[in-house]
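Note sheet for the following structure.
Just so you know, all these numbers are worked out from the coordinates, no wet-lab data involved. Predicted model only: the values in this text are computed from it and were never measured. Here the Cβ positions follow ideal geometry from the backbone for every residue, glycine too, while neighbour counts run over all protein chains shown.
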Amino acid sequence: MKIYKCSGFEYEKALPTTMEDQFNESEVVYDHLGEKRTLTVTYVRYFDTYVQEKGIYDPEQTGIPFYHLVALLVLMKYHGFVNAQRLYFNDTKKFLNAFNQEDIEEAVSIYRSLQQSEPLAEANHSETMS
């Protein structure tokens with residue numbers, strides 16, 4: 001699977017009455033059967049704190065915010081194909097089930113390789129990704 005880009009950000013309030021600042025967005029641009037595709041994952045910002053508190057991922061150890069990795073992790077779980085362009089998670093259990101915790105180390109490695117050698121990285125996931 002070819003990964004072109006993975007990134008993310010924390011939403012900021014556009015207006016005082018909005019709740020945008022409660023959400024994060026993660027995006028991965030990848031190749032699927034010769035077609036360049038984008039997967040965007042929007043989720044409740046608290047989940048970043050939750051995964052850190054539960055010892056699942058510590059951004060202080062890697063220097064990489066979790067929102068840079070989430071979409072890539074979802075894509076990895078589904079072996080390079082997600083039949084959606086956008087996913088939204090507001091439930092902790094569903095969010096945690098959307099990715100394999102065992103893939104986090106590899107996702108960090110892919111993210112780092114993308115930062116060093118834009119624009120292409122190859123995911124060598126243990127299972128075949130098409």
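Consider Phe81 against the criteria (1) of a type in the set (A, V, I, L, M, F, W, C); (2) crowded, with 17+ Cβ neighbours inside 10 Å; (3) in contact (Cβ under 8 Å) with a residue 40 or more places away in the chain: it satisfies all of them except one. Which criterion is unmet?
(2)
Being aromatic (Phe, Trp, Tyr), surrounded by 14 or more Cβ atoms within 10 Å (Cβ to Cβ) and under 17 Å from Glu106 (Cβ atoms) is the requirement here; does Tyr50 meet it? Please lay out each step first, then the result.
On the way: aromatic (Phe, Trp, Tyr): yes; surrounded by 14 or more Cβ atoms within 10 Å (Cβ to Cβ): yes; under 17 Å from Glu106 (Cβ atoms): no.
So Tyr50 fails the test.
Quick one: in segment 84-114, of everything that is aromatic (Phe, Trp, Tyr) and touching a helix residue (DSSP H, G or I) at 6+ places or on another chain (Cβ under 9 Å), which residue is surrounded by the fewest Cβ atoms within 10 Å (Cβ to Cβ)?
Applying the filter and picking the extreme gives Phe89.
For segment 31-42, does any single residue satisfy the condition of being within 26 Å of His79 (Cβ to Cβ), surrounded by 11 or more Cβ atoms within 10 Å (Cβ to Cβ), in contact (Cβ under 8 Å) with a residue 12 or more places away in the chain and touching a helix residue (DSSP H, G or I) at 6+ places or on another chain (Cβ under 6 Å)?
yes
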